[in-house]
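Reading through the structure tokens given below for one structure.
The values are calculated or read from the model by the stated rules, or taken from the named source; none is laboratory data. Fair warning: this is a prediction, and the values are worked out from it, not measured in the lab. Glycine gets a Cβ as well: all are built from the backbone with ideal geometry, and neighbour counts include every protein chain shown.
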Amino acid sequence: MRKETEAVHVGVDKDEAYNSVTTPIYMSSSFRFEAVGELPRFHYTRAGNPTRAALEESLAALENGKYAWVTGTGMAAITAVAFLLKSGDHILAPQDIYGGTYRLFQNIMPRFDLSVSFVDMRDLEAVRRARREQTALIWIETPSNPLLRVTDIRGVVQIAAEMGALTAADNTFLSPYFQQPLDLGVDLAVHSTTKYLNGHSDVVGGALITGREDLSAKLGLIVPGLGLSGSPFDSWLVLRGVKTLAARMEAHQKNAFAVARFLEGHERVRRVYFPGLESHPGHELALTQQSGFGGVVSFDLDLDAVSAEKFFANLRYFALAESLGGVESLAAQPWTMSHKTMPPSAREACGLTPGTVRLSVGIEHPDDLLEDLERALGA
Ligand SMILES: Cc1ncc(COP(=O)(O)O)c(C=O)c1O
């Protein structure tokens with residue numbers, strides 16, 4: 001089955017009672033036991049739920065994995081990965097990373113005696129130099145949030161293999177439609193399903209996918225044990241969103257190319273970050289490991305020519321809002337929004353400025369989006 005077909009069919013034909021064409025929502029906390037001591041497949045929704053299991057089947061197929069765990073948020077999925085580690089372990093992560101992941105690794109996990117180093121993951125030699133004997137996890141986020149830096153997934157997997165460390169890749173920005181990290185040797189693909197997988201900005205959710213039975217068994221303890229599991233209704237919404245993943249990703253990408261090319265030629269824009277552009281330093285590498293470029297475009301405003309406040313205030317279709325991956329276009333200032341949890345020095349170290357804008361390009365007509373940007377840049 002090709003990805004488009006998998007997205008529509010896998011995990012869907014589940015209703016044995018009435019043969020409904022879509023998967024029912026099993027809104028039940030509990031399921032009856034046939035008899036004392038006979039544990040049914042589903043008994044309590046934190047441990048397992050038929051609607052969530054349908055989504056897990058769908059996501060496992062899309063990521064070319066065998067096992068999936070659906071969580072209540074993307075951060076819950078990342079927390080589950082952190083709990084695969086033990087006290088004393090060390091995490092290597094990219095400098096340019098989603099702010100919430102930075103906060104978890106830098107501010108919360110040290111309480112459990114885990115340490116973290118942030119490296120420029122575009123440089124494999126820097127990754128080699130930063131590793132320690134205790135490095136147990138290399139966290140990958142490619143393309144990264146928000147500067148869309150591309151990490152050589154195969155290269156990092158090789159380094160991790162040399163030292164017996166686990167690899168996990170946050171695949172939120174591309175979705176399994178454009179990138180399948182497990183095929184490149186990564187142990188765990190991680191998602192905020194809040195973004196492209198759901199695609200309609202009406203759910204927060206997450207997922208973990210692996211081909212490794214041993215990791216799935218550990219997650220089987222961690223995800224329900226820590227209470228990280230996703231709800232049946234949210235799972236149903238994501239399952240519905242996934243059916244149009246292929247069509248949406250193509251539409252997002254088409255518009256993102258139009259926006260990136262427009263911004264690249266604009267006098268009030270200092271720099272555009274979109275790996276689909278040939279001018280992007282990660283373009284060639286991206287072509288070797290991803291089959292598309294997604295819908296996020298970031299850029300640096302020329303703050304001598306236009307203020308960030310005026311730019312955002314004059315947008316009509318791009319809503320000033322956090323998140324990404326929904327059908328509607330959003331614009332964010334990572335400096336004060338998604339990456340505010342990083343101290344200013346860490347934001348600067350990864351190349352962010354108050355003039356950096358992250359656009360989640362939606363599926364509206366591209367001409368309306370370009371007109372919107374032109375008006376705001378001219379403000
Ligand atoms: C790349 C990436 N990973 C993880 C997350 C966290 O996901 P959630 O907000 O669903 O907890 C986000 C949220 O913006 C993200 O952009």
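Restricting the stretch 111-142 to residues that are under 24 Å from the mean Cα position of the chain (by Cα) and assigned to a loop (DSSP other than H, G, I, E, B) leaves a set whose member that is surrounded by the fewest Cβ atoms within 10 Å (Cβ to Cβ) is Asp123. Annotation: of all residues in the stretch 205-231 being assigned to a loop (DSSP other than H, G, I, E, B) and within 14 Å of the ligand (Cβ to nearest atom), the one that is surrounded by the fewest Cβ atoms within 10 Å (Cβ to Cβ) is Ser231. Exactly one residue among Asp170, Asp183, Asp202 is within 13 Å of the ligand (Cβ to nearest atom) and surrounded by fewer than 17 Cβ atoms within 10 Å (Cβ to Cβ), and that residue is Asp202. Close Cβ contacts (under 6 Å, 6 or more residues apart or on different chains) running from residues in the stretch 332-357 that are more than 18 Å from Asn314 (Cβ to Cβ) to residues that are of a type in the set (Val, Ile, Thr) comprise Pro334/Thr356. Given the conditions (1) crowded, with 16+ Cβ neighbours inside 10 Å; (2) in contact (Cβ under 8 Å) with a residue 24 or more places away in the chain; (3) more than 29 Å from Thr51 (Cα to Cα), report the number of the one that Leu277 does not fulfil. (2) is the only condition that Leu277 fails.
Look at Val272 and say whether it is touching a helix residue (DSSP H, G or I) at 6+ places or on another chain (Cβ under 6 Å), more than 30 Å from Thr51 (Cα to Cα) and either in the same structural domain as Asn171 (by TED's automatic domain parsing) or crowded, with 17+ Cβ neighbours inside 10 Å (or both). For Val272, the condition - touching a helix residue (DSSP H, G or I) at 6+ places or on another chain (Cβ under 6 Å), more than 30 Å from Thr51 (Cα to Cα) and either in the same structural domain as Asn171 (by TED's automatic domain parsing) or crowded, with 17+ Cβ neighbours inside 10 Å (or both) - is met. Looking only at the stretch 290-312, residues that are out of contact with any strand residue (DSSP E or B) (no Cβ under 8 Å at 6 or more places or on another chain), under 25 Å from Tyr196 (Cβ atoms) and surrounded by fewer than 20 Cβ atoms within 10 Å (Cβ to Cβ) come to 2 in all. Of the helices (runs of 4 or more DSSP H) contained entirely in the stretch 232-332, those carrying at least 2 residues that are within 30 Å of Arg154 (Cα to Cα) fall at 232-242, 245-264, 283-289.
Residues that are in contact (Cβ under 8 Å) with a residue 40 or more places away in the chain, surrounded by fewer than 14 Cβ atoms within 10 Å (Cβ to Cβ) and in a loop (DSSP other than H, G, I, E, B) occur in the stretch 27-43; there is at least one.
Could you grab me the full set of residues in the stretch 333-357 that are part of a helix (DSSP H, G or I), crowded, with 16+ Cβ neighbours inside 10 Å and of a type in the set (A, V, I, L, M)?
Correct list: Ala346 only.
Among the residues of the stretch 170-215, those that are within 9 Å of the chain's Cα centre (by Cα) and over 16 Å from Thr71 (Cβ atoms) comprise Phe173, Leu174, Ser175, Tyr196.
The condition (being closer than 19 Å to Ser58 by Cα and over 17 Å from the mean Cα position of the chain (by Cα)) is satisfied by just one residue among Pro281, Pro224, Pro232: Pro232.
Taking the stretch 287-318 as the range and being of a type in the set (Gly, Ala, Ser), closer than 17 Å to Leu369 by Cα and away from the ligand (no atom under 15 Å from the Cβ) as the test, only Ala313 passes. With respect to being under 15 Å from the mean Cα position of the chain (by Cα) and of a type in the set (S, T, N, Q), Thr51 falls outside the description.
Of the residues Leu147, Leu124, only one is hydrophobic (A, V, I, L, M, F, W, C) and either closer than 24 Å to Ile222 by Cα or within 16 Å of the ligand (Cβ to nearest atom) (or both); which? Write out each step before concluding.
Values: Leu124 fails: either closer than 24 Å to Ile222 by Cα or within 16 Å of the ligand (Cβ to nearest atom) (or both).
After applying the criteria, what remains is Leu147.
If you go through the stretch 186-196 and keep only what is within 10 Å of the ligand (Cβ to nearest atom) and in a loop (DSSP other than H, G, I, E, B), you end up with Thr193, Thr194, Lys195.
Restricted to the stretch 72-99, and to residues there that are more than 13 Å from the ligand (Cβ to nearest atom) and in contact with an Asp or Glu (Cβ under 7 Å, 6 or more places away or on another chain), the residue that is farthest from Gly164 (Cα to Cα) is Gln95.
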